[in-house]
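The values are calculated or read from the model by the stated rules, or taken from the named source; none is laboratory data. Predicted model, so just to flag it, every value in this text is computed and none were measured. Counting neighbours? That spans all protein chains shown, and the Cβs are built from the backbone with ideal geometry, glycine included.
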Amino acid sequence: MKVMLVSDSAELRPIIQEAFSYHNADVIHYDNPIKAMDNIDEIEPDVVLFAATDFPRHWKPFVAYLRNTFSRREAVFVLLSSETFDPEEAQKAEHLQVNAVITEAGPNRETTQRIRGIVTRYYQKLDIRSAARYMPSRADEISFCFTNPYTFRIVPGQVIDISSGGLQFRPDSEEEINHLDAYAVITAASMRLAESIMPMKLKIVRVTDTIAFEFADLSIDVEQEITTHLTALMARDRETPLQAAATP
């Protein structure tokens, strides 16, 4: 794992290095945001920690440049600030796909624990479906359909399992599987969770007799709604087996 730390202070680097030692993290520290931006393509960071307090005018163009290449799950961007963001700045951060804003007085172990929690939540580049999967029943009112980008047909079917990172789906027609391949992007899809209907974009991870999808570029609100809904279902039915797997 490569962690890019953009900060005017070097105090945070050894703490971050220790916090992610179990990931064999390589923490690369920059005290110049322009130089860090120039090296994004070369470094391909998995995590960017950006001190907004040190460089208040640079974080917006920095994250905009980062998102031109890496999604919110491919490169986690965390803003470190000594002050609470006002609503307008928070809205800009959401629009620019900042993963999280952490407000702390200074570098400490509590800060790094929060950062590690955020990275664990968002960073799934190596294993997008490592989160526990929930296997819904008909009573759960979870349904999904998408438009095949090659045939332009709407594809209904059954959700086999679902997690915060994606879902496994069996189309009603096996013929639709023949028209799809791994890494295709589905831009027209919708999922129903009880009373909520969510349009979404997905990436195909694997095609066998089912299709494994990864959620792509979900808004924070939609992602939170999915997580909250699944958590409630798991709490309601604790006897339902949860399956964790290394691959979709």
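Can you report the number of residues in segment 133-167 which are over 17 Å from residue 198 (Cβ atoms), surrounded by fewer than 14 Cβ atoms within 10 Å (Cβ to Cβ) and of a type in the set (A, V, I, L, M, F, W, C)?
Here the count works out to 2.
Take the residues of segment 185-200 that are surrounded by 15 or more Cβ atoms within 10 Å (Cβ to Cβ) and either outside the structural domain of residue 157 (by TED's automatic domain parsing) or out of contact with any Phe, Trp or Tyr (no Cβ under 8 Å at 6 or more places or on another chain) (or both): which is modelled with the highest pLDDT?
Checking each candidate, the answer is 198.
Pick out, from segment 1-85, the helices (runs of 4 or more DSSP H) lying fully within it that include 3 or more residues that are within 16 Å of residue 98 (Cα to Cα) and in the same structural domain as residue 111 (by TED's automatic domain parsing).
Numbers: elements: 12-19, 33-38, 40-43, 59-67.
Output list reads 59-67.
Wholly within segment 136-203, which strands (runs of 3 or more DSSP E) include no fewer than the required count, namely at least 3 residues that are closer than 18 Å to residue 219 by Cβ? Walk me through it before giving the result.
Working: elements: 142-147, 154-162, 166-171, 185-193.
The qualifying strands (runs of 3 or more DSSP E) are 185-193.
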